[in-house]
Amino acid sequence: MSQIADRIISDPGLENGVAGLTTEKIQKVVNRMLEGETGAKLKAYRETCMRCGLCSQACHFYVSHDNDPSYSPVNKATETMYELMDKKGKVEPQRIYEMAQMAYTECNLCKRCAHYCPVGIDTGYIMSMVRRICYLLDVVPQYIRDTAHSHASTMNQMWVKDDEWIDSLQWQEDEARDEFPGLRIPLDKEGADVYYSVIAPEPKFRTQLIYQAAAIMNAAGIDWTMPSEPGWDNSDMCMFVGDFENMGRLKRAHYESAQKLRVKRIVMGECGHAFRSVYDMGNRWLGHKKMPVPVIHAVEFYHELMTQGKLKITHKYEKPVTIQDPCNIIRGKGLMDKLRDVVHFLCEEVVEMTPNREHNYCCCAGGGVINCGPPFKNTRMTGNRIKADQLRATGVKDVVIPCHNCHGGLEDIIGYYDLGMHGKFIGDIIYELMEKPEM
Amino acid sequence: MTEIYTFVSGPLAWVAFGIFIIGSIYRLVSMYALAKAKDGSSLAYMSLPFGLRSILNWMIPFNTMGWKGDPLMTVATFVFHIGFLVVAVFLGAHVVLWDTNFGISIPSLPDVAGDIVSFAVIAACAIFAYRRIALPHVKGVTRGKDWFALIIVALPFITGVLAYHQVGPVLLMTILHVLAAELLLALIPFTRLSHALFVLFTRAYMGSEFGGVRNARDW
Ligand code: SF4
Ligand code: SF4
Ligand code: SF4
């Protein structure tokens, strides 16, 4: 069995954070957090866990490291939260470094282990609470910390300035009008049926996705809008850092910008973690049991367009594809059937990965792990050999991936294991197959 | 010796039952109070149908991913828990006990069957112990508390079998058996064995989340 202490990775955020700690300070913060924020759920988990180890087989980290027990869910919980609880926070600063590395980079919070634990222990939740403690101790990997700071300062993940945002949208509208005369990206249209929100990396790096979304909205005749003001970014690294205060601010801004425009509902682009933040975590932090504005994910939206006959394609995608099930919308919202309906509608042949649907393996990018940046890239690559095996076994070249994070994660895996495959958003495929005006 | 027997099977038994019942109520009530105070965003999603759906699915051997993945553990778990209840309630000697102390009469298990089930429970405990020693992913997370819990559940069965087969002085073995059972009962609320109290709730919560919010299976 390996030890976390033997695989410490140098990261300025973790190093500088730990340098400022003393055991007394750790104790104070841990106990304040455990008494003030967690309750019966965590306590019952610690007590009810029988250390049976059944959850080990669930975790892609464990499986990909030849069943190294150090990566099993129960071991991760034992070496972090349970130890902090047992010792009432009385640990050395270096131990916090190890715990932070485990919690931020060796768990994707994908909750696959939930299918394996007989007593129903949610290791993903436990690791989120470890992250919360590390955040309060200011021991956070630098890259994701930076991103969270960008959120906190600009209300978007990529430090996109307010005018740059509007500029990007207008630029895409302009470009798209060459291909689709009359196309509009309506800004701040009050009372629209659909408020379309994206993650900040879209205007920053993947502007063509906004272009494609606009093309689809226009072709389907949707009454839609995009907001010009902060709140447009639905992504949320604060959630993964453990900065729940800013997670709350972000989600409030998102909901409120939609409420201000009195739109009927929010349609989110193809992203998994953002959906988790809106549907699972941010809303609860704000005290909403149901969404204050109805929110649906792109997969649900495409499904609607398909069933209503508004999604028109000229032909089917000919090459065989496989489907990546993004945990946050599959295990998080149960969109596995809708996702399949849409992909089968678009593509001739689908070769499934096994296991799939809610038993899928995470891409290993999720839970903010990819956002911890280059120092931890190998953690993701070696931690998900199983995904490479799964992908290779399908024998296909195209992977449908309706999640930004999964995209980044899988592209890395495909490169590292030399699989020669490519990821596609559903939007990419629809755009490719849709009817376009003669040029 | 007989006085000791009368004492352990009389007043001490009442004490053990008392600690078990009051202790369990105390643990459940205080846990619920804590949940109400701190876990509102989870309690809000508790759902009876989805909770039951999850509990039922996990009560079927080999129905879940977890049970499928480790057949030996699955068999041991089911044999242990079913055997435990069957012996504790329906063993001939225990049925007499229910009748004389509480005036409840229930059918009793034939002696041979009771004996076989007791051995099966001991075998299951041996499998649990084997896993803790031999499997790296279990060994690494095993602590003293886990061994303690395993030993206190195994003891009443081991002493019971010894007493029944008249290995060693019968009366002494019987006294030890009763003592072990009382110890077990009294410690359930305060050791790892408290999972007997909490598992329904942790399972039901996971089931509610997966059923009601995540629209997915949790098995
Ligand atoms: S990565 Fe997923 S399966 Fe592994 S411990 Fe974390 S939540 Fe569980
Ligand atoms: S499967 Fe559940 S009870 Fe068993 S060790 Fe893992 S978390 Fe604990
Ligand atoms: S990035 Fe995708 S697969 Fe990975 S956790 Fe998120 S949704 Fe899951």
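The values are calculated or read from the model by the stated rules, or taken from the named source; none is laboratory data. From a predicted model like this one, the values you see are computed outputs, not experimental measurements. Don't worry about glycine lacking a Cβ; one is built from the backbone with ideal geometry, like all the others, and counts go over all protein chains shown. Surface accessibility is based on the protein's heavy atoms, side chains included, excluding ligands, DNA and RNA. Shrake-Rupley method; radii C 1.70, N 1.55, O 1.52, S 1.80 Å.
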Practice prompt. Apply 1/(1 + (r/R0)^6) to the Cβ-Cβ distance of B:H81 and B:Y5, taking R0 = 22 Å, and write down the FRET efficiency to the nearest 0.05.
Written response: 0.15
Worksheet item: Considering only Cα-Cα distances, which of the following residue pairs are longer than 30 Å: A:K333/A:K387; A:K387/B:K145; A:K264/A:K289; A:K28/B:K38?
Response: A:K387/B:K145
Worksheet, complete the sentence: Once all protein chains are kept in place, B:F190 shows an accessible area at probe 1.4 Å, nearest 10 Å², of 110 Å²
Discussion item. Probe radius 1.4 Å, ligands and nucleic acids left out: which of A:M381, A:M1, B:M65 has the largest accessible area, and how do the rest follow?
Written reply: A:M1, B:M65, A:M381
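Return one whole number: the accessible area per residue of the range A:200-312 in Å², for a 1.4 Å probe. List each step's numbers first, then the result.
Working: 3720 Å² over 113 residues.
So the range A:200-312 comes to 33 Å² accessible per residue, rounded to a whole number.
Once neighbouring chains are kept in place and the probe is 1.4 Å, which whole percent of the accessible area of the range B:82-212 is contributed by carbon and sulfur?
On the way: 4760 of 6080 Å².
Taking all protein chains in place, the range B:82-212 shows 78 percent carbon and sulfur surface.
What share of Cα pairs, in percent, lie more than 18 angstrom apart in the range A:111-250? Present the calculation step by step, with values, prior to reporting the outcome.
Numbers: 6099 of 9730 pairs.
Result: 63 percent of Cα pairs exceed 18 Å.
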Item to complete: Over 22 Å between C-alpha atoms is what I'm after, so list which of A:K87/A:K377; A:K338/A:K424; A:K312/A:K338 land there.
Response: A:K87/A:K377
Worksheet item: Normalised by the residues of chain B, what does the relative contact order come to in percent, with Cα pairs under 8 Å and at least six apart?
Response: 35 percent
Practice prompt. Measure nothing fancy, just the Cα-based angle from helix B:170-187's long axis to the longest principal axis of chain B, in degrees from 0 to 90, nearest 10.
Written response: 20 degrees
Worksheet item: Quick one: Kirkwood hydrodynamic radius for the range A:166-229, alpha-carbon pairs, angstrom, one decimal?
Response: 11.7 Å
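Please tell me the relative contact order of the range A:313-433 in percent, rounded to the nearest whole number, where contacts are Cα pairs under 8 Å and at least six residues apart.
Values: 180 pairs, mean separation 39.1, N = 121.
Worked out over the range A:313-433, it gives 32 percent.
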Practice prompt. Could you provide, to the nearest whole Å², the per residue accessible area of chain B with probe 1.4 Å?
Written response: 50 Å²
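What is the average number of partner chain Cβ atoms found within 10 Å of a Cβ in B:205-216? Before the final figure, lay out the partial values.
Details: counts 6, 8, 1, 1, 6, 9, 1, 0, 7, 12, 9, 14.
The shielding value for this peptide is 6.
If r is the Cβ-Cβ distance from B:A123 to A:E349 and R0 is 45 Å, what FRET efficiency results, to the nearest 0.05?
Details: r = 50 Å, r/R0 = 1.12.
So, using R0 = 45 Å, E works out to roughly 0.35.
Of A:Y361, B:Y5, which has the most accessible area and how do the rest follow, probe 1.4 Å? Don't skip to the end; give the middle numbers.
Details: A:Y361 25, B:Y5 80 Å².
From most accessible down to least: B:Y5, A:Y361.
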Practice prompt. Express as a percent, rounded to the nearest 5, the fraction of DSSP beta bridges in chain A (both residues included) that run antiparallel.
Written response: 5 percent
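Per DSSP H run of at least 4 residues, take -39500 (n - 2.57); add these up for chain A, divide by its residues and hand me the 222 nm value, nearest 500 deg cm²/dmol.
Numbers: 23 runs with 214 residues, N = 439.
-14000 deg cm²/dmol, from helical runs alone.
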Worksheet item: When each pair of different Cα atoms in chain A is counted once in the 1/r mean, what is the Kirkwood radius in angstroms, to one decimal?
Response: 22.4 Å
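Taking every residue in A:34-44, how many Cβ atoms of other protein chains lie within 10 Å of its Cβ, on average? Don't jump to the answer; show the numbers that get you there.
Numbers: counts 0, 1, 1, 1, 3, 11, 16, 11, 3, 7, 12.
Per-residue shielding by partner chains comes out at 6.
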Item to complete: Could you bin all the Cα-Cα distances of the range B:2-213 into 5 Å bins starting at 0 and give me the percent of pairs in each, rounded to whole numbers?
Response: 1, 6, 11, 15, 18, 17, 14, 9, 5, 2, 1, 0
Worksheet entry | 0 to 90° range, to nearest 10: angle between helix B:48-58 axis and chain B longest Cα axis | 60 degrees
Discussion item. To test your reading of the geometry: what angle, between 0 and 90 degrees and rounded to tens, separates the Cα axis of helix B:92-102 from the longest principal axis of chain B?
Written reply: 90 degrees
Discussion item. I need the calculated FRET efficiency for the pair B:L200 and B:N101, taking r as the beta carbon distance and R₀ as 41 Å, to the nearest 0.05.
Written reply: 0.90
